1. Give me A:Thr37, A:Thr71, A:Thr26 sorted ascending by neighbouring Cβ count inside 10 Å, so fewest comes first.
2. If you take every residue apart from A:Gly53 with its C-beta less than 14 Å away from the C-beta of A:Gly53, what net charge results, scoring Lys and Arg +1 and Asp and Glu -1?
3. Quick one: net charge around A:Phe213, please, counting Lys, Arg +1 and Asp, Glu -1 for every other residue with C-beta under 14 Å from its C-beta.
4. How about A:Lys14: which lysines have a C-alpha closer than 24 Å to its C-alpha, ignoring those fewer than 8 places off in the same chain?
5. How much of the DSSP beta bridge set in chain A is antiparallel, as a percent to the nearest 5?
6. Would you please classify the overall shape of the stretch A:167-261 from the alpha carbon gyration tensor, given that a ≥ b ≥ c denote the square roots of the eigenvalues, rounded means a/c under 1.5, and beyond that prolate means a/b larger than b/c while oblate covers the rest?
7. Can you sort A:Val106, A:Val190, A:Val134 by how many other beta carbons sit within 10 Å, fewest first?
8. Please state the shape class of the stretch A:57-129: rounded when a/c is under 1.5, otherwise prolate if a/b exceeds b/c and oblate if not, all from the C-alpha gyration tensor.
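Taken together, the values in this text are just the output of simple stated rules run on the coordinates, not laboratory data. Small disclaimer: the values here were computed from a predicted structure and weren't measured. For neighbour counting, all protein chains shown are included, and Cβ atoms are generated from backbone atoms with ideal geometry for every residue, glycine included.
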Amino acid sequence: MSLTLATWNVNSLKVRLPHLLDWLATHRVDIVCLQETKLVDENFPAAALAEAGYAARYTGQKTYNGVALLTRNETVAAANDVVAALPDFEDPQKRLIAATIGGLRVVCAYFPNGQAVGSEKYDYKLRWIAALTVWLRAELAQHPQLALAGDFNIAPEDRDVHDPKAWAGQVLFSEPEKQAFRDLLALGLVDSFRLFEQPERSYTWWDYRMQAFRRKMGLRIDHVLLSATLAKHCAACAIDVEPRRREQPSDHAPVIATLSI
DNA sequence: ATGGCCCGTAGAACGGGA
C-alpha cells in the first residue's frame, strides 16, 4: 500500500488552520509533521482536526516554536511511544516530537534558525543539531524504519539556494550548518527529495518580502530524510507550492514523500 | 542601489523568523 508523509512549517497554526484543513481535505496525507504552530497545548485545534479525520500529538508554547504530528485515522495506526523533546538536552523551546505510527518511527523537528553566523542563537543551533544527531543514532538502532521530517533551516547544497554566491557563509547556508546536515546523512539517512528528478529552482521557503516567491528566490530548507530501509520504499517526493500561492500563506511550502509499504 | 513582510504580544513598537 501507499502511504504519504508530509512536513509543513505553517508559521502560526491559528492563522493557517483554514489552509491546513483545505489541504488535508484535498491531499489526504496520512502523516503530517507541522512546525511553528505557536500555540500552547490548551489552544491546539485538536477538535477541528479530529473533525477532519486526523488525530494529533503536539507540544507547543506561547508565541514561538511548537510542533505537531497528525495521523489520518482511516489509514494509519495511532501514534505511540511519543517523545516530546530531545532527551539529554535541556531546552525550554518546543522543537521536537516523535512517535511510532504502525511500524514507522516519525521524528518531526523544527531546527533552530540560528539568526546570524557567530551569534548565540547560531551556537545554540549547532548544539541542538548535535544533540539531535546523537539521539537519532540510538533511535535508528531501535527503529530501522525511520523518517526525520521538518524545517531544518539548512539548505544543504548550492542547488538548494537561488543565489548561492550571495548566500555563501550566511546563516542557513554556512559550512558548519551544511556539515551538520551531512552528519545527519552519515547516520544512514537519505534526502528523499534527491532520490528523484526534480524541477530546477525547487525551494520550500521564500521571503515574504521582495516578491521572492514570484521571482523564484527561495531556499530548500524543509526536508524529509529517510532511513536506508525506508528509502528503498520511497516512490516519490515533491514540494507542493500551491499553498504558497494563496492569500495570507505560510512562507514555507509543504513537502510530501510517498512510501510504498 | 537599497529594501520593500508577517506573526504574536502588545495595546506601540518590537523581537523573531529566514
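1. On the way: A:Thr37 30, A:Thr71 23, A:Thr26 9.
With the sparsest Cβ surroundings first, the list reads A:Thr26, A:Thr71, A:Thr37.
2. Details: positive: A:Arg28, A:Arg72; negative: A:Asp22, A:Asp30, A:Glu51, A:Glu74.
Charge balance near A:Gly53 sits at -2.
3. Numbers: positive: A:Arg201, A:Arg209, A:Arg214, A:Arg215, A:Lys216, A:Arg220, A:Arg244, A:Arg245, A:Arg246; negative: A:Asp207, A:Asp240, A:Glu242, A:Glu247, A:Asp251.
My count for the surroundings of A:Phe213 gives +4.
4. Correct list for A:Lys14: A:Lys38, A:Lys62, A:Lys94.
5. Numbers: 43 of 54 bridges.
In chain A, approximately 80 percent of DSSP beta bridges are antiparallel ones.
6. Working: a/c = 2.59, a/b = 1.31, b/c = 1.98.
Oblate shape, in that a/c is at least 1.5 and b/c is the bigger or equal ratio.
7. Least to most surrounded, the residues fall as A:Val134, A:Val190, A:Val106.
8. Working: a/c = 2.69, a/b = 2.31, b/c = 1.16.
Verdict is prolate for the stretch A:57-129.
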